[in-house]
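Engineer: Please read through the structure below; I'll follow up with questions.
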Amino acid sequence: MLIDSVEVSYGDPWGSWRGTTHPAPTSPALTARLHEAGDSYSVLLSARRRPVILAEYWGKGWAHQPWRVYVFDDRSFRTHMIDLEAYSDGWLRVLRHSRWEYSDRGRYESGGWDAEVVTTFAADGTVGVARKARGPVPPASGPEFDVVAALSRILTVAGRPGTLVVAEPRFGDWTGFVGLAAVAGHEFAGTVPLRDERPREWRGPLRATGIEELFVAGARLDTVSGLGVVELVAAGPLRIPSGQLSVADAGWVETSPRTVAVPPGVYPISVSLLRFPQTGDFPRVAAAKVIVGNQPVVAWEMALRPAEDPELLRERGFYGVGVDSGTAAFFDVTHGPLDQDDFEHFVIEQLDHGRVVVELPAPPVGPTFVAMWAGLGDGAYPLWIGRAADGRVSCVVLDFLLGSSGGDGR
């Protein structure tokens, strides 16, 4: 392929994905933040909408071998892979080059190569080669001199012929990787300009869309389980003497609850229960709301822990409450964990007998504990803070993503 311009786009690492565009695209701004934070991402360099190079950054957890670069052939198959390891300040050394041959698209998409040649570049400059084939292998010996020669022409030779290095890229400057396309026979029409591909509309992290409708009695909502009708169930009161409202898996309270600061007090809870008259499916809890004030909500925000940065979230992503027992709970942060007997023989037993919400017995004063089934069960669910016009907390909503806008949680 003759390359005269290169479009740059970004996304999550591809893994076994065999497509020609990012399966999970990210915006340039988000990817720059991921790079700064040492998180993983991928860079796709394309020519006239055809993929040429895929560079995957593995993050700070792989500081010794931070980059892997794939090169596509004229069929848009990933036929070359170059592993790069940290070498010295600002440089990456070629550690390994792998080349695969595929007889047809079916073999490629299934990952079933016909032949594989792996060329290794040792730290002392020696070059080794290993060949595998799923069928007859023609006799051959020695390194793949075409690959070594191609890499030697486009990379810096650091002292020894087999020690090939490339400058580690600064984010956004991928010119050092462009030349690697030569290993697949691509040619360049002079100096090739790089430009960011115009991303499709970026929707950003998950937003609290449709939350209000979950708490309108009789509202009819399209859900993953079919048409659902909202029924509101009153629960509580929830006593929060410490001023720290916590939310967690009801069976694992001791593990890092997500906490929201509210005035110390006693608060009612409203539970949104979805019934499915058309399908007759089992009713599901769609969301639960702790009503902190009586002012209308003018803005929603995601409940975050101090180290969580929403700008590092992928599209439709969120930081949420993890659920592994199929249940979730509201409680004061000072409430101790449930023992196994309380959880299994009180919370689960009552929920199994048709209760929508379970309130643990508590003394007249002190914190209380209110548990419920979590939507469709185990997973991660966003916790939303609804704020009034004066900035105060009006409510806190645990959204089980049945009737609102679903997303991908952490």
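The values are calculated or read from the model by the stated rules, or taken from the named source; none is laboratory data. Quick caveat: nothing in here was measured; it's all calculated off a predicted structure. Ideal geometry is used to build each Cβ from the backbone, glycine not excepted, and the neighbour counts take in all protein chains shown. Please note that ligands, DNA and RNA were not included when accessible areas were found on the heavy atoms of the full protein model with its side chains. Shrake-Rupley method; radii C 1.70, N 1.55, O 1.52, S 1.80 Å.
Engineer: Among the residues of region 322-360, write down those that are open to solvent by 20 Å² or more (accessible area, probe 1.4 Å), touching a residue at least 12 places away in the same chain (Cβ under 8 Å) and in a loop (DSSP other than H, G, I, E, B). Even if it seems obvious, please write down each step before you answer.
Structural biologist: Taking region 322-360 as the starting set, the residues that turn out to be open to solvent by 20 Å² or more (accessible area, probe 1.4 Å) are 322, 324-325, 333-346, 348-350, 352-356, 359-360.
Adding the requirement that they be touching a residue at least 12 places away in the same chain (Cβ under 8 Å) leaves 322, 324-325, 333-338, 342-343, 346, 348, 356, 359-360.
Matches in region 322-360: D324, S325, V333, T334, H335, G336, P337, L338, V356, L360.
Engineer: Would you pick out the residues in region 72-109 that are among the basic types (K, R) and either more than 23 Å from V6 (Cβ to Cβ) or crowded, with 19+ Cβ neighbours inside 10 Å (or both)? Full working, then the answer.
Structural biologist: Residues of region 72-109 among the basic types (K, R): 75, 78, 93, 96, 99, 105, 107.
Of everything in region 72-109, those that are among the basic types (K, R) and either more than 23 Å from V6 (Cβ to Cβ) or crowded, with 19+ Cβ neighbours inside 10 Å (or both) turn out to be R78, R93, R96, R99, R105, R107.
Engineer: Something else about it: Among the listed residues G293, G251, G280, identify the single one that is at pLDDT below 90, part of a loop (DSSP other than H, G, I, E, B) and surrounded by fewer than 20 Cβ atoms within 10 Å (Cβ to Cβ). If you could, list the steps in order and put the result at the bottom.
Structural biologist: On the way: G293 fails: at pLDDT below 90; G251 fails: surrounded by fewer than 20 Cβ atoms within 10 Å (Cβ to Cβ).
Going through G293, G251, G280 in turn, the sole match is G280.
Engineer: Of the numbered conditions (1) among the β-branched types (V, I, T); (2) at pLDDT 85 or above; (3) not in a strand (DSSP E or B), V230 satisfies every one except a single condition; which is it?
Structural biologist: Failed condition: (3).
Engineer: Let me ask you something else. On the basis of being at pLDDT below 90, farther than 25 Å from A182 by Cβ and either in a strand (DSSP E or B) or not β-branched (V, I, T) (or both), does D39 make the cut?
Structural biologist: Working: at pLDDT below 90: no; farther than 25 Å from A182 by Cβ: yes; either in a strand (DSSP E or B) or not β-branched (V, I, T) (or both): yes.
It is false that D39 is at pLDDT below 90, farther than 25 Å from A182 by Cβ and either in a strand (DSSP E or B) or not β-branched (V, I, T) (or both).
Engineer: While we're on this one: Just checking, which of A55, A32 is of a type in the set (A, V, I, L, M, F, W, C), at negative phi and at pLDDT 95 or above?
Structural biologist: Numbers: A32 fails: at pLDDT 95 or above.
The conditions single out A55.
Engineer: Could you please let me know if V147 is modelled with pLDDT under 85 and either open to solvent by less than 70 Å² (accessible area, probe 1.4 Å) or touching a Ser or Thr at 6+ places or on another chain (Cβ under 9 Å) (or both)?
Structural biologist: Details: modelled with pLDDT under 85: yes; either open to solvent by less than 70 Å² (accessible area, probe 1.4 Å) or touching a Ser or Thr at 6+ places or on another chain (Cβ under 9 Å) (or both): yes.
Yes; evaluated as a whole, the condition is true for this residue.
Engineer: With (1) charged (D, E, K, R); (2) closer than 20 Å to A182 by Cβ; (3) open to solvent by 20 Å² or more (accessible area, probe 1.4 Å); (4) at pLDDT 90 or above as the list, and R18 as the residue in question, which single condition is left unmet?
Structural biologist: Just one mismatch for R18, condition (2).
Engineer: Ok, one more. Looking at P51, P13, can you tell me which residue is assigned to a strand (DSSP E or B), surrounded by 16 or more Cβ atoms within 10 Å (Cβ to Cβ) and either touching a residue at least 12 places away in the same chain (Cβ under 8 Å) or of a type outside the set (V, I, T) (or both)? First the steps, then the outcome.
Structural biologist: Details: P13 fails: assigned to a strand (DSSP E or B).
After ruling out the rest, the residue left standing is P51.
This table checks each residue for (1) modelled with pLDDT of 85 or more; (2) not polar (S, T, N, Q).
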| residue | (1), (2) |
| --- | --- |
| G322 | yes, yes |
| S325 | yes, no |
| A328 | yes, yes |
| V333 | yes, yes |
| D339 | no, yes |
| H345 | no, yes |
| G354 | no, yes |
| V358 | yes, yes |
| V365 | no, yes |
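Engineer: Inside region 300-321, can you point out the residues that are open to solvent by 50 Å² or more (accessible area, probe 1.4 Å) and small (G, A, S)?
Structural biologist: A307, the sole residue that qualifies.
Engineer: What about G236, is it open to solvent by less than 50 Å² (accessible area, probe 1.4 Å), more than 15 Å from P382 (Cβ to Cβ), in contact (Cβ under 8 Å) with a residue 60 or more places away in the chain and not hydrophobic (A, V, I, L, M, F, W, C)? Walk me through how you get there before you give the answer.
Structural biologist: Values: open to solvent by less than 50 Å² (accessible area, probe 1.4 Å): yes; more than 15 Å from P382 (Cβ to Cβ): yes; in contact (Cβ under 8 Å) with a residue 60 or more places away in the chain: yes; not hydrophobic (A, V, I, L, M, F, W, C): yes.
For G236, the condition - open to solvent by less than 50 Å² (accessible area, probe 1.4 Å), more than 15 Å from P382 (Cβ to Cβ), in contact (Cβ under 8 Å) with a residue 60 or more places away in the chain and not hydrophobic (A, V, I, L, M, F, W, C) - is met.
Engineer: Quick one: what pairs do we get from region 176-189, first residue on the phi > 0 side of the Ramachandran plot, second modelled with pLDDT of 90 or more and open to solvent by less than 30 Å² (accessible area, probe 1.4 Å), C-beta under 9 Å, 6+ apart or different chains?
Structural biologist: Correct list of pairs: G185/D73.
Engineer: Quick test of your reading of the structure: A389 fulfils all but one of (1) more than 30 Å from the chain's Cα centre (by Cα); (2) in contact (Cβ under 8 Å) with a residue 40 or more places away in the chain; (3) open to solvent by less than 20 Å² (accessible area, probe 1.4 Å). Name the failing condition by number.
Structural biologist: So the condition that A389 fails would be (3).
Engineer: Right, another one. If you go through region 200-221 one residue at a time, how many are open to solvent by 80 Å² or more (accessible area, probe 1.4 Å) and either closer than 29 Å to D309 by Cα or in contact (Cβ under 8 Å) with a residue 40 or more places away in the chain (or both)?
Structural biologist: Going residue by residue through region 200-221, those that are open to solvent by 80 Å² or more (accessible area, probe 1.4 Å) are 200-203, 207, 212-213, 220.
Filter once more, so that each one left must be either closer than 29 Å to D309 by Cα or in contact (Cβ under 8 Å) with a residue 40 or more places away in the chain (or both): 200-203, 207, 212-213.
Residues in region 200-221 being open to solvent by 80 Å² or more (accessible area, probe 1.4 Å) and either closer than 29 Å to D309 by Cα or in contact (Cβ under 8 Å) with a residue 40 or more places away in the chain (or both): 7 in total.
Engineer: Here's a follow-up. Quick check on V69: is it closer than 21 Å to V166 by Cβ, open to solvent by less than 10 Å² (accessible area, probe 1.4 Å) and of a type outside the set (K, R)? Don't jump to the end; show me each part of the working.
Structural biologist: Details: closer than 21 Å to V166 by Cβ: yes; open to solvent by less than 10 Å² (accessible area, probe 1.4 Å): yes; of a type outside the set (K, R): yes.
Yes.
Engineer: I've got another one for you. Quick one: in region 110-131, which of the residues that are touching a residue at least 24 places away in the same chain (Cβ under 8 Å) and open to solvent by 20 Å² or more (accessible area, probe 1.4 Å) is farthest from I53 (Cα to Cα)?
Structural biologist: Step one: of region 110-131, the residues touching a residue at least 24 places away in the same chain (Cβ under 8 Å) are 111, 117, 119-127.
Going one step further and asking which of them are open to solvent by 20 Å² or more (accessible area, probe 1.4 Å), we end up with 111, 120, 122-124, 126-127.
Values: G111: 18, T120: 20, A122: 24, A123: 25, D124: 28, T126: 26, V127: 24 Å.
Here the residue is D124.
Engineer: Kindly list the number of the only condition in (1) hydrophobic (A, V, I, L, M, F, W, C); (2) open to solvent by 50 Å² or more (accessible area, probe 1.4 Å); (3) in contact with a Phe, Trp or Tyr (Cβ under 9 Å, 6 or more places away or on another chain); (4) more than 24 Å from A208 (Cα to Cα) that fails for L376.
Structural biologist: (4)
Engineer: Examine region 261-275 for a residue that is of a type in the set (S, T, Y), in contact (Cβ under 8 Å) with a residue 12 or more places away in the chain and outside any strand (DSSP E or B), and state whether such a residue exists.
Structural biologist: Looking only at region 261-275, we keep the residues that are of a type in the set (S, T, Y), and these are 267, 270, 272.
Retained after the next criterion (residues that are in contact (Cβ under 8 Å) with a residue 12 or more places away in the chain): 267, 270, 272.
Applying the additional criterion that residues be outside any strand (DSSP E or B) yields none.
Checked against the condition, which is being of a type in the set (S, T, Y), in contact (Cβ under 8 Å) with a residue 12 or more places away in the chain and outside any strand (DSSP E or B), region 261-275 yields no hits at all.
Engineer: Could you tell me whether any residue of region 315-334 is under 30 Å from G38 (Cα atoms) and among the acidic types (D, E)?
Structural biologist: The initial filter retains those residues of region 315-334 that are under 30 Å from G38 (Cα atoms), namely 315-324.
If we keep only those that are among the acidic types (D, E) too, we end up with 315, 324.
Yes: region 315-334 contains one or more residues that are under 30 Å from G38 (Cα atoms) and among the acidic types (D, E).
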